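The values are calculated or read from the model by the stated rules, or taken from the named source; none is laboratory data. In this text, all values refer to a predicted model and were calculated from it rather than measured experimentally. Glycine also receives a Cβ, built like all others from the backbone with ideal geometry; neighbour counts cover every protein chain displayed.
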Amino acid sequence: MQSEAVASRSADQRDSPREPRNGTPHLDAVSLAIIQQLQEDGRRPYAAIGKAVGLSEAAVRQRVQKLLDQGVMQIVAVTDPLTVGFRRQAMVGVNVEGDLDPVAEALTGMSEVEYVVMTAGSFDILAEIVCEDDDHLLDVINKRIRALPGVRSTESFVYLKLKKQTYMWGTR
């Protein structure tokens, strides 16, 4: 059982995640258990999390704050775009001439763009777009993305039905 394993650790091991040499935060089993608890319910009280992972409420509060400060996690409300008036989602593959950074930065500044990643493969950049309707999507792609300096071409993949969306990779 996870609580028993956590309880057997010394108090100094449980107080906070260790920092490895390369600057990336080390996530021990307790931090991963806290993240898992928050992924199941981002509003779960620290006292309940503490009971599940074998820490005091104060220790959980400190751990969570450190994880937030380190950028390991965010606690946010995730909406279903369809329920808040956005009827069209698409992934747009972008091919760029020259430096990718200016194009990627311009995409991150667009309110309709939810996700930007530089890739190796058929596209230099992938951008997920959430729009009100097809006309809005066309406007974003045709008049804003394709107009960016350096954009050579785009290919759009319109979402017909979202079958899976998860944010649980932090604890597998």
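Per-structure values
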read-out: Residue within segment 80-89 that is among the β-branched types (Val, Ile, Thr) and modelled with pLDDT of 90 or more present; value: no
read-out: Ala77 being modelled with pLDDT under 95 and surrounded by fewer than 16 Cβ atoms within 10 Å (Cβ to Cβ); value: yes
read-out: Of all residues making up segment 104-115, the number that are touching an Asp or Glu at 6+ places or on another chain (Cβ under 8 Å) and either of a type in the set (Val, Ile, Thr) or at pLDDT 95 or above (or both); value: 1
read-out: Residues being closer than 16 Å to Tyr167 by Cα, among the charged types (D, E, K, R) and part of a helix (DSSP H, G or I) - total across segment 35-52; value: 1
read-out: From Leu27, Leu32, Leu55, residue being more than 19 Å from Tyr167 (Cα to Cα), touching a residue at least 40 places away in the same chain (Cβ under 8 Å) and out of contact with any His (no Cβ under 8 Å at 6 or more places or on another chain); value: Leu55
read-out: Given (1) surrounded by 11 or more Cβ atoms within 10 Å (Cβ to Cβ); (2) under 24 Å from the mean Cα position of the chain (by Cα), number of the condition Leu162 does not satisfy; value: (1)
read-out: Scope segment 138-172; condition out of contact with any helix residue (DSSP H, G or I) (no Cβ under 9 Å at 6 or more places or on another chain) and at pLDDT 95 or above; matching residues; value: Leu138, Asp139, Val140, Ile141, Asn142, Lys143, Arg146, Ala147, Arg152, Ser153, Glu155, Phe157
read-out: Residue list for segment 94-152, filter: among the aliphatic types (A, V, I, L, M), closer than 24 Å to Gln165 by Cβ and assigned to a loop (DSSP other than H, G, I, E, B); value: Met110, Ala120
read-out: Every residue from segment 153-172 that is charged (D, E, K, R) and assigned to a strand (DSSP E or B); value: Glu155
